[in-house]
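Here the structure comes first, spelled out in C-alpha cells, and everything after it is commentary.
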Amino acid sequence: MPLFLSDEQYTVQDLVDRKATSSYYTSRDGVAVVREFVKSIGRRDGVVVMDPFLGSGVLLSSISDLIKPGKVVGIEINEEPCNLARRILTKLYTNVEVVCGDAFRVAWGYRPDIIVSNPPFVRWSLLDREYRRELLDLMGRLGYAEFISRGDPGLHILSFFLMDYVLRVGGYMILVMPASTFYTSQGSGLKRLLRVRYHVLGMVENGLDPSFSVGSGFKELILFLRKRDAGDAVPMRRP
C-alpha cells in the first residue's frame with residue numbers, strides 16, 4: 001500500500017478558525033521527515049499509535065504503509081477535520097478510534113507506544129481565561145508545575161506534557177514543534193524535562209522553508225524522541 005495523503009486533508013483547514021486552534025497541518029516536506037523517523041523504529045507491529053492533535057489525519061494516514069498497529073487513536077477538536085480523518089483512517093487501518101473533542105479533556109486514559117503529532121502552537125493570550133486556569137490547575141495536579149517556567153507557557157508546551165504523561169516508558173514521539181521552544185525562557189522547563197526523561201534521537205530543520213506546517217510561518221523543528229526506561233532516568237537538577 002503506497003503513502004496516502006490527499007489534497008482534501010489540507011483544504012479542510014479552510015473550514016475552521018485556523019488561528020484559534022492552530023490548525024496548520026504538516027507539510028509534505030514534514031511528512032517526508034516523519035516517515036524517515038518512523039522507519040527507524042524497531043517495533044512497528046501490534047503497537048498503539050496515537051495523534052492527540054490529529055487535524056485531518058495527515059500524519060497518521062501518511063505512515064499507514066510503514067506500520068501495522070494494534071490500534072490507532074486520534075483526537076481532534078475541530079469537527080470537520082475530525083470527521084474527515086475518521087473516514088480516511090478507518091479505510092487504512094483495522095482498529096481505529098477517532099474522538100472529536102479536546103485532547104486536554106479526553107486523552108489522559110490512553111497509553112500509546114508511539115505518538116506522531118503536530119501539537120497546537122496557540123498563544124496563551126488567545127485562550128479563554130477560565131480555560132487557562134483549568135489547564136494550569138490540571139498540570140499542577142499531574143506534577144508538571146515545576147516544568148512551567150512562565151505564566152504564559154503556550155499550548156504547545158502543555159501539549160508536550162500531555163503527550164509525556166500518556167506515552168509508555170520506552171515509547172517514541174515524533175513531533176513538529178516551534179523552534180522558539182528551545183531558545184526562549186518559555187521552553188526552559190520543557191528542555192529540562194527532555195533531559196531527564198528522553199533520548200533525543202533526531203532533530204531536523206527545514207532548509208527550504210522556515211516551517212514544516214502549511215501556512216504557519218513559524219520556524220519549526222521535527223523531533224524524534226524515545227522515552228527513557230525507569231532505570232535509565234537522569235537525576236533531576238533543579239533550576
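Values quoted throughout were computed directly from the atomic coordinates according to the rules given, and no laboratory measurement underlies them. Owing to the predicted nature of the structure, the values given are computational and were not obtained by experimental measurement. Heads up, the Cβs are rebuilt from the backbone with ideal geometry, glycines too, and the neighbour counts pull from every protein chain shown.
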What is the local net charge at GLY101, summed over the other residues whose Cβ is closer than 10 Å to its Cβ (Lys, Arg +1; Asp, Glu -1)? -2
Among PHE4, PHE161, which comes first, then next, by fewest other beta-carbon atoms within 10 Å? PHE4, PHE161
Per-residue Cβ contact counts at 10 Å, fewest first, order ASP128, ASP113 as ASP128, ASP113
Over the chain, the sum of -39500 (n - 2.57) across DSSP H runs of at least four, divided by residue number and rounded to 500 deg cm²/dmol, gives at 222 nm -9000 deg cm²/dmol
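Sort SER117, SER56, SER125 so the one with the fewest other Cβ atoms within 10 Å of its own Cβ comes first.
Ordered from fewest to most neighbouring Cβ atoms within 10 Å, SER117, SER56, SER125 come out as SER125, SER117, SER56.
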Net charge around GLU220, counting only other residues with Cβ within less than 13 Å of its Cβ (Lys, Arg = +1; Asp, Glu = -1)? -2
Mind putting together the pair-distance distribution for the chain? All Cα pairs, 10 Å bins, whole percent per bin, short to long. 8, 34, 40, 17, 1
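Would you mind working out the magnitude of the charge dipole of the stretch 8-227 relative to its Cα centre, with +1 at each Lys and Arg C-beta and -1 at each Asp and Glu C-beta, to the nearest 20 Debye?
On the way: 28 positive and 24 negative charges, 155 e Å.
Taking the Cα centre of the stretch 8-227 as origin, the dipole is about 740 debye.
Based on the mean of other beta carbon atoms within 10 Å per residue, what is the order of 203-211, 151-159, 62-70, 182-190, most packed first?
On the way: 203-211: 13.7, 151-159: 21.0, 62-70: 18.6, 182-190: 17.0.
For the peptides 203-211, 151-159, 62-70, 182-190, the packing ranking is 151-159, 62-70, 182-190, 203-211.
Step through the table entries LYS39/LYS71; LYS71/LYS91; LYS91/LYS219, compare each Cα-Cα distance with 22 Å, and write down the pairs that go over it.
Values: LYS39/LYS71 18 Å; LYS71/LYS91 13 Å; LYS91/LYS219 33 Å.
The answer is LYS91/LYS219.
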Once the Cα gyration tensor of the stretch 1-132 is found, what semi-axes does its equivalent ellipsoid get, as square roots of 5 times the eigenvalues, in whole Å, sorted largest first? 24, 16, 14
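Can you check what the net charge comes to around GLY140, using other residues whose Cβ is under 12 Å from the Cβ of GLY140 (Lys, Arg +1; Asp, Glu -1)? Walk me through the numbers on the way to the answer.
Numbers: positive: ARG133, ARG141; negative: GLU134, ASP137, GLU146.
Local charge sum for GLY140: -1.
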